[in-house]
Amino acid sequence: MYMMNSVFMNELDKFVVVLIDDILIYSKSEKEHEEHLKIVLTRLRGHKLYAKFSKCAFWLKEVSFLGHILSEKGVAVDPSKVKDVLNWKQPETVTEIRSFLGLAGYYRRFIKDFSKTAKPMTSLTKKNAKYLWSSNCEEAFQPLKKLLTSAPVLAQPDVTKPFDVYCDASGNGLGCVLMQQGRVIAYASRQLRKHEANYPTHDLELAAVVHALKIWRHYLLGNTCHIYTDYKSLKYILTQPELNMRQRRWLELIKDYDLEIHYHPGKANVVVDTLSRKAHCNFIEARPTVRVLCCEIDEIEMPTEQHAELYSLIIEPTIKDLVIAAQKQDKGMAHIREGISDKQKACFTLDEQGVLWFKNCLVVPKDMELRKKILDEAHTSLFTMHPSSNKMYQDLKHKF
């Protein structure tokens with residue numbers, strides 16, 4: 001990951017997503033995509049990395065990536081990946097319940113009220129809980145498998161357009177929905193903390209707003225957003241002369257955002273109202289989008305100076321070449337070569353090129369600069385990713 005992130009440092013989250021050896025290139029148009037492909041392939045070739053053609057796919061309108069289907073419509077569940085969940089047999093132990101919830105929970109942001117539906121099963125995973133598969137567990141197990149096949153497509157956010165945030169609070173928890181142009185981008189909710197159960201209604205409603213602003217800060221900060229709440233007096237919170245210490249603290253956070261608070265009747269706020277009344281759920285859809293800082297960058301006129309520069313290409317020898325060259329100059333290596341037939345030195349061998357080996361390991365002369373260079377290469381190289389001293393030793397002992 002470190003190596004691949006270093007290779008594509010300038011392209012990450014602009015038009016490239018990398019996970020280990022999987023590379024995803026996305027573009028807004030075919031012309032732009034062609035340019036992006038050339039950049040990525042050129043960058044790979046420059047670092048002597050090559051993509052196997054049989055494992056590549058180009059010019060796709062829809063792609064499966066990390067268990068999700070990505071398209072111009074948004075992000076959806078990959079049907080081929082949920083087959084294991086649909087065919088899952090009834091769990092017989094706590095470990096099997098955890099395995100099922102772990103696999104199904106990977107797609108929880110697509111399922112409304114995931115935690116509420118799975119509550120009978122999660123209660124069996126608590127410490128000292130007696131394992132008893134009840135009818136409630138079965139009623140939670142089967143619907144969860146079906147919900148995965150009918151999960152909605154979540155829209156991708158556009159940071160150039162305003163956001164709509166619907167908030168609500170109840171005695172059970174806080175709920176909020178992030179939307180844009182009528183499409184859902186993310187669901188989020190959480191259970192009330194112990195001290196929050198004593199809050200008055202207006203503080204709970206304000207807590208729901210603060211919760212939404214915090215978890216979606218990367219979307220909302222610097223953008224226009226409209227907050228909708230079913231508590232009418234909250235609309236005037238910014239102009240109230242008298243506030244308690246908690247409200248003043250929250251108001252300092254709210255003032256960092258460009259937002260407007262609107263009254264939205266509870267009957268029209270069905271989705272968020274439901275989320276706030278369920279037991280527990282905490283999931284969001286977070287996708288970083290790089291904002292264009294200057295759309296007219298190409299039009300900026302800057303003075304340039306034309307001059308000629310002469311470059312020379314220097315090809316440095318590899319570590320192995322340096323060791324082989326040092327072997328030929330070292331007197332101790334010459335002594336070993338002469339007695340290579342001696343039984344005491346039977347572990348030493350010479351290959352066809354006259355290179356000295358010890359049990360399939362390259363022999364390194366007592367050259368401190370050379371040894372330091374080997375250690376430095378093993379630790380700071382782009383391909384080694386700064387291993388620990390023990391890991392570095394384990395890697396080197398099989399080579400030198």
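Each value in this text was obtained by applying a stated rule to the coordinates, not by laboratory testing. Since we're looking at a predicted model, the values are computed, not measured. As a convention, Cβ positions derive from the backbone with ideal geometry for all residues, glycine included, and neighbour counts pool all protein chains shown.
Summarised as an ellipsoid, the stretch 1-56 has semi-axes of 17, 13, 11 Å, derived from the eigenvalues of the Cα gyration tensor scaled by 5 and square-rooted, with the largest first.
Modelled spin-label separation between TYR26 and ALA57, with each label point placed 7 Å from Cα along the Cα-to-Cβ direction: 1.5 nm.
If you wrap the Cα atoms of the stretch 53-141 in a convex hull and average its projected area over all directions, you get 7.6 nm². In plain terms, the bigger the Kirkwood radius, the slower the diffusion; for the stretch 3-115, with that radius from Cα pairs, at 10 °C and 1.306 mPa s, Stokes-Einstein puts D at 95 µm²/s. Here the residues CYS361, CYS225, ranked from fewest to most Cβ neighbours within 10 Å of their Cβ, fall in the order CYS361, CYS225. Each peptide in 175-184, 391-400 gets a packing score, the mean of other Cβ atoms within 10 Å over its residues, and the list from highest to lowest is 175-184, 391-400.
The packing ranking of peptides 366-375, 48-57, highest mean first, is 366-375, 48-57, where packing means the average number of other beta carbon atoms within 10 angstrom of each residue.
When the dipole is taken about the Cα centre of the stretch 161-204, and only Lys, Arg (+1) and Asp, Glu (-1) are charged at their Cβ, what size is it in debye, to the nearest 20? Please list the in-between numbers first.
On the way: 5 positive and 4 negative charges, 37 e Å.
Result for the stretch 161-204 is approximately 180 debye, rounded to the nearest 20.
Structure note, pairs LYS161/LYS255; LYS83/LYS146; LYS28/LYS214; LYS328/LYS366; LYS55/LYS83; LYS83/LYS130: Cα-Cα distances above 18 angstrom occur for LYS161/LYS255; LYS28/LYS214; LYS55/LYS83; LYS83/LYS130.
Given an 8 Å cut-off on Cα distances and at least 6 residues of separation, report the relative contact order of the stretch 1-73 as a percent. About 19 percent, as a whole number. Sorting ASP158, ASP376 from the fewest to the most surrounding beta carbons within 10 angstrom yields ASP376, ASP158. Computed over the stretch 107-202, the quotient of the alpha carbon radius of gyration and 2.2 N^0.38 Å is 1.35. Dividing the Cα radius of gyration of the stretch 110-157 by its Kirkwood radius returns 1.10 for Rg/Rh.
Sorting ILE254, ILE20 by the number of Cβ atoms found within 10 Å of their own Cβ, with the fewest placed first, yields ILE20, ILE254.
Taking every Cα-Cα distance in the stretch 187-261 and sorting them into 5 Å bins starting at zero, the pair-distance distribution P(r) comes out as 3, 14, 28, 26, 20, 8, 1 percent. Dipole orientation for the stretch 106-217: of the candidates PRO120, THR201, GLY182, PRO120 has the Cα lying most toward the positive pole (charges on Cβ; Lys, Arg +1; Asp, Glu -1).
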